Amino acid sequence: MPDAAPQPRARPGAVPAVEVSGVRLSFEDRRILDGVDLRVMAGERMVILGSSGCGKSTLLRVMLGAYRPDEGRVSVFGRDITAMAEEELNEMRRRWGAVFQGGALYNSMTVGENVALPLRENTQLDDSIIAIMVRMKLDLVGLSDFEDLKPAQISGGMAKRVSLARAIALDPEILFFDEPTTGLDPVTGGGIMRLINDLTVKTGATGVIVTQDMSCAFTCADRIALLHGGRVHAVGTPGEIRDSSDPLVRQFINGDPDGPIPFRLCRDNCAGALRAPPRRKSGRRPRPGSGEAEPAASP
Ligand SMILES: Nc1ncnc2c1ncn2[C@@H]1O[C@H](COP(=O)(O)OP(=O)(O)OP(=O)(O)O)[C@@H](O)[C@H]1O
Ligand SMILES: [Mg+2]
């Protein structure tokens, strides 16, 4: 296991950037989130770990206002986004950027157009200024000469970098990452981790990083939260998590197939045998900006 790599940085502030309280969410009759409480302080890098299918991406989408929870609330910089109208939420969305698990790039647009999109939608900047900013952001993620290519013409790792360049287009106060290093070679993964740290440490932005990659977790986290059974099972600094005697935490960080976290999944127990109470069919649809409506990037 790689060492935690503490970076010189301002201490995370006392103000919560994101506060999740008592969040419950079901899909049909399957309860995925069952009372999640989590507070991410401004300037902090919070890593959310958990086994595949436990609801990490779902939680991230709730934090982004892409899914409304059935119960509970999510506050961003003290404002309850679960109660917000779409217009108000769109205003808030300017304050954060998200890198989705599959990249979520628009296949019909070039790499440059994808990165330019938030600038076109949210600013009145001239095309020439936008072009300079797009080049700067792509340069920052190490992709200088790829502006004119389409997502289908780049690799999955490159698509993640483009997605990151798009996420930082508006210099957000919070950066959300869903599996930023999964499926990448170690060098590219290391480069992405360094970028996550640089982008948050140097700008003071808050980072919320969902991952199963322990190297990413211990390199990027100020604190780590382990999601299990629809709740935050444990939260602590990388040192506290590493030294934890909790069997579930130990199993997860050691990658042990035997233990309280089941290897075998069945449809009804993805989040730990959680059965939701009967509910009206909500016909839940992804809200705009969920990363779900957009066509996926190259695999
Ligand atoms: N839109 C949806 N409709 C119905 N079920 C969903 C939807 N999105 C997610 N799920 C279910 O919710 C559960 C959690 O999914 P989620 O994608 O949040 O898991 P995850 O922890 O991110 O997994 P992974 O590590 O594999 O990415 C899964 O059982 C999944 O089938
Ligand atoms: Mg996921």
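The values are calculated or read from the model by the stated rules, or taken from the named source; none is laboratory data. This one's a predicted model, so the numbers in the text were calculated from it and none came from an experiment. Positions of Cβ are generated from backbone atoms using ideal geometry, with glycine treated the same way; all protein chains shown enter the neighbour counts.
Within region 220-228, can one find any residue that is out of contact with any strand residue (DSSP E or B) (no Cβ under 7 Å at 6 or more places or on another chain) and farther than 22 Å from P16 by Cα? Before you say what the answer is, go through the steps one by one.
First, the residues of region 220-228 that are out of contact with any strand residue (DSSP E or B) (no Cβ under 7 Å at 6 or more places or on another chain): 228.
Going one step further and asking which of them are farther than 22 Å from P16 by Cα, we end up with 228.
Taking every residue of region 220-228 in turn, at least one turns out to be out of contact with any strand residue (DSSP E or B) (no Cβ under 7 Å at 6 or more places or on another chain) and farther than 22 Å from P16 by Cα.
Which residues, taken from region 78-118, are under 24 Å from P180 (Cα atoms), away from ligand 2 (no atom under 16 Å from the Cβ) and touching a strand residue (DSSP E or B) at 6+ places or on another chain (Cβ under 8 Å)?
Those that are under 24 Å from P180 (Cα atoms), away from ligand 2 (no atom under 16 Å from the Cβ) and touching a strand residue (DSSP E or B) at 6+ places or on another chain (Cβ under 8 Å): M92, R95, W96, G97, P118.
Does A104 count as at pLDDT below 90 and either in contact with a helix residue (DSSP H, G or I) (Cβ under 8 Å, 6 or more places away or on another chain) or part of a loop (DSSP other than H, G, I, E, B) (or both)? Steps first, please.
Details: at pLDDT below 90: yes; either in contact with a helix residue (DSSP H, G or I) (Cβ under 8 Å, 6 or more places away or on another chain) or part of a loop (DSSP other than H, G, I, E, B) (or both): yes.
So A104 fits the description; yes.
Looking at region 43-59, which of its residues are at pLDDT below 95 and within 24 Å of E87 (Cα to Cα)?
Answer for region 43-59, where residues must be at pLDDT below 95 and within 24 Å of E87 (Cα to Cα): just S57.
If a residue has to be crowded, with 22+ Cβ neighbours inside 10 Å, of a type in the set (S, T, Y) and part of a helix (DSSP H, G or I) to count, how many in region 160-200 make the cut?
2
When G157 is evaluated against the numbered criteria (1) modelled with pLDDT of 90 or more; (2) outside any loop (DSSP other than H, G, I, E, B); (3) surrounded by fewer than 23 Cβ atoms within 10 Å (Cβ to Cβ), which criterion, by number, is the only one it fails?
With respect to (1) modelled with pLDDT of 90 or more; (2) outside any loop (DSSP other than H, G, I, E, B); (3) surrounded by fewer than 23 Cβ atoms within 10 Å (Cβ to Cβ), G157 is out only on (1).
Could you count how many residues in region 62-101 are in a strand (DSSP E or B) and touching a residue at least 12 places away in the same chain (Cβ under 8 Å)? Walk me through it before giving the result.
We begin by selecting, within region 62-101, every residue in a strand (DSSP E or B); these are 71-76, 79-80, 96-99.
Add one more test, that the residue is touching a residue at least 12 places away in the same chain (Cβ under 8 Å), and what stays is 71-76, 79, 96-99.
Result for region 62-101: 11.
Taking region 225-242 on its own, how many of its residues are crowded, with 24+ Cβ neighbours inside 10 Å, in a strand (DSSP E or B) and in contact with a Leu (Cβ under 6 Å, 6 or more places away or on another chain)?
Here the count works out to 2.
Quick one: G55 ticks every box in (1) without any contact (Cβ under 8 Å) to a residue 60 or more places away in the chain; (2) at positive phi; (3) within 16 Å of ligand 2 (Cβ to nearest atom) except a single one, so which number is it?
Answer for G55: the failing condition is (1).
Quick check on K137: is it more than 27 Å from I48 (Cβ to Cβ), more than 14 Å from the chain's Cα centre (by Cα), basic (K, R) and at pLDDT 90 or above?
no
Output yes when any residue across region 82-91 is modelled with pLDDT of 95 or more and closer than 29 Å to P118 by Cβ, and no when none is.
No, the conditions are met nowhere in region 82-91.
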